[in-house]
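Structure below; questions to follow.
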Amino acid sequence: MSDKAGEVAAGISIDIAEVMRRIPHRYPFLLVDRAEDYHPHQSIVGIKCVTINEAVFQGHFPAWPVMPGVMIVEAIAQSGAVLMSKSLDADIHGKTIALFSIDDCRFRSPVRPGDVLRMPVEVLRARGDVFKFRGRAMVGDKVAAEAEFAAMVVET
């Protein structure tokens, strides 16, 4: 539905099947289970349900499992890639969306099995196939991580 001619409805949910059509990542490195509140060319909220069954927890750290910070940032970036792919209606056959910069990254609190990461990502700038984003990873009302990052569509 749309409010005005040519506008796409905002607040759309994206299920795992569409996430997998939009980005090439697969287990064990697919870090977005679904997305919600998609606003074309503006924002999205990626969702990651963190479970003890994930291979990384066998070694990071078995007695007190914590999701590695680089994987949290990757999950935020994958959320941005879903936003970018859907906004551009990108054909991922022969192309992918590649992360090419991360700025002002901060880790604020640990993410543990049983947590649900909500990753609001907003577009700061977009020019053609290049997007600049600001994203956060939230567990409840706590910020686990935040960063600005950029990605672009590249030929594979």
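Looking at (1) in a loop (DSSP other than H, G, I, E, B); (2) surrounded by fewer than 18 Cβ atoms within 10 Å (Cβ to Cβ); (3) not acidic (Asp, Glu), which one does residue 56 not meet, given that it meets all the others?
Answer for residue 56: the failing condition is (1).
Output the residue which, of all residues in region 66-99 that are at pLDDT 95 or above and not in a helix (DSSP H, G or I), is surrounded by the fewest Cβ atoms within 10 Å (Cβ to Cβ).
Looking at residues that are at pLDDT 95 or above and not in a helix (DSSP H, G or I), I get 98.
Take the residues of region 101-123 that are in contact with a Lys or Arg (Cβ under 9 Å, 6 or more places away or on another chain) and among the basic types (Lys, Arg): which is nearest to residue 48 (Cα to Cα)?
118
Among the residues of region 124-156 satisfying the criterion of being touching a Lys or Arg at 6+ places or on another chain (Cβ under 8 Å) and aromatic (Phe, Trp, Tyr), which is surrounded by the most Cβ atoms within 10 Å (Cβ to Cβ)?
Among those residues, the one meeting the criterion is 131.
State all residues of region 100-115 that are part of a loop (DSSP other than H, G, I, E, B) and hydrophobic (A, V, I, L, M, F, W, C); if no residue qualifies, say none.
Step one: filter region 100-115 for residues part of a loop (DSSP other than H, G, I, E, B), giving 108-115.
111, the sole residue that qualifies.
Any idea which residue in region 100-111 is nearest to residue 64 (Cα to Cα), counting only those that are of a type in the set (D, E, K, R) and open to solvent by 70 Å² or more (accessible area, probe 1.4 Å)?
Selected residue: 108.
Scan region 15-45 residue by residue and report those that are crowded, with 19+ Cβ neighbours inside 10 Å and either farther than 15 Å from residue 81 by Cβ or of a type in the set (D, E, K, R) (or both).
22
Of everything in region 74-89, what is of a type in the set (Val, Ile, Thr) and over 16 Å from residue 12 (Cβ atoms)? Give them in sequence order.
Taking region 74-89 as the starting set, the residues that turn out to be of a type in the set (Val, Ile, Thr) are 76, 82.
Within region 74-89, 76 is the sole residue that qualifies.
Identify the single condition in (1) in a loop (DSSP other than H, G, I, E, B); (2) of a type outside the set (Lys, Arg); (3) modelled with pLDDT of 95 or more; (4) out of contact with any Ser or Thr (no Cβ under 8 Å at 6 or more places or on another chain) that residue 41 does not satisfy, given that it satisfies every other one.
The one condition residue 41 does not meet is (4).
The values are calculated or read from the model by the stated rules, or taken from the named source; none is laboratory data. Fair warning: this is a prediction, and the values are worked out from it, not measured in the lab. Please note: Cβ atoms are built from the backbone with ideal geometry, for glycine as well, and neighbour counts cover all protein chains shown. What goes into the accessible areas is simple: the full protein's heavy atoms, side chains included, and nothing from ligands, DNA or RNA. Shrake-Rupley method; radii C 1.70, N 1.55, O 1.52, S 1.80 Å.
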